[in-house]
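Peer 1: Structure in structure tokens, see below.
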Amino acid sequence: MEKSKDYVKVLAQAALCAALCYVGATFIKIDIPVGTEKTMFHFGNTFCVLAALLVGGPCGGLAGAVGMTISDLTTSYVTSAPKTFVLKLCIGLIVGLVAHKGFKLSKEHSAKYVTMATIVSSAAGMVFNIFADPIVGYFYKTYILGVPQDLSKALAKIGALTTSVNAVIAVIFASVIYLILRPVLKKSGMLREM
């Protein structure tokens, strides 16, 4: 019975995080037109990282992947949906691996340790994204969507800039939100032990 209660908690938290990822990528954003394409500054990655910190890498990565893919599918970023799913899943897996397997973040630690572990874990996922998003985007646009290589290269460079800004935003805000939520969730019994 206890195991099914834990499963329901994790499922509910992951669903909430997926919804936050959707809102962060759909409504809390600034679109930047780039020729016939566009890119954006958004808060979706913030909630993807937060999901991995709260419910672990696999569930958090899926929450981010599902939420932000649905955002792509319901906005003008529809052609980016497959790439988004893979990259956001990887972000969650990396953040969760570093946070919960490496730092054992859900265990009892000092406030300084928790702060450092949260920031490093968040940064690990976002550093991956800074490199992977433009590279995967280049190959995806060139070889899947048939965009000319020169244009794909230019779009990848612009994408690298917006991805870097999004990464800084995600590390700062996800870390702050997690550090605020952690004691509250712990006190209420909602902080998941991994």
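The values are calculated or read from the model by the stated rules, or taken from the named source; none is laboratory data. What you are looking at is a predicted structure, and each value in this text was computed from that prediction instead of being measured. Neighbour counts run over all protein chains shown; Cβ positions are idealised from the backbone, glycine included. Ligands, DNA and RNA are excluded from the accessible area calculation, which covers all protein heavy atoms including side chains. Shrake-Rupley method; radii C 1.70, N 1.55, O 1.52, S 1.80 Å.
Peer 1: Quick check on the stretch 46-65. Is at least one of its residues under 19 Å from Ala160 (Cα atoms), open to solvent by 60 Å² or more (accessible area, probe 1.4 Å) and among the hydrophobic types (A, V, I, L, M, F, W, C)?
Peer 2: no
Peer 1: Quick one: in the stretch 149-168, of everything that is of a type in the set (Val, Ile, Thr) and modelled with pLDDT under 95, which residue is farthest from Glu37 (Cα to Cα)?
Peer 2: Filtering the stretch 149-168 for residues that are of a type in the set (Val, Ile, Thr) and modelled with pLDDT under 95, the one farthest from Glu37 (Cα to Cα) comes out as Val165.
Peer 1: Checking Ala99 against (1) under 24 Å from Asp6 (Cα atoms); (2) in contact with a helix residue (DSSP H, G or I) (Cβ under 7 Å, 6 or more places away or on another chain); (3) modelled with pLDDT under 95, which single condition isn't satisfied?
Peer 2: (3)
Peer 1: Further question on the same structure: Given the residues Ala156, Ala167, which is the only one that is open to solvent by less than 30 Å² (accessible area, probe 1.4 Å), touching a Pro at 6+ places or on another chain (Cβ under 6 Å) and closer than 28 Å to Ile30 by Cβ?
Peer 2: Working: Ala167 fails: touching a Pro at 6+ places or on another chain (Cβ under 6 Å).
Among Ala156, Ala167, only Ala156 is open to solvent by less than 30 Å² (accessible area, probe 1.4 Å), touching a Pro at 6+ places or on another chain (Cβ under 6 Å) and closer than 28 Å to Ile30 by Cβ.
Peer 1: Test of understanding: among Leu145, Leu105, which residue is more than 16 Å from Gly57 (Cα to Cα) and either at pLDDT below 95 or buried (at least 20 other Cβ atoms within 10 Å of the Cβ) (or both)?
Peer 2: Leu145
Peer 1: Do the conditions hold for Val78, that is, is it among the β-branched types (Val, Ile, Thr), at pLDDT below 95 and open to solvent by less than 20 Å² (accessible area, probe 1.4 Å)? First the steps, then the outcome.
Peer 2: Details: among the β-branched types (Val, Ile, Thr): yes; at pLDDT below 95: yes; open to solvent by less than 20 Å² (accessible area, probe 1.4 Å): no.
So Val78 fails the test.
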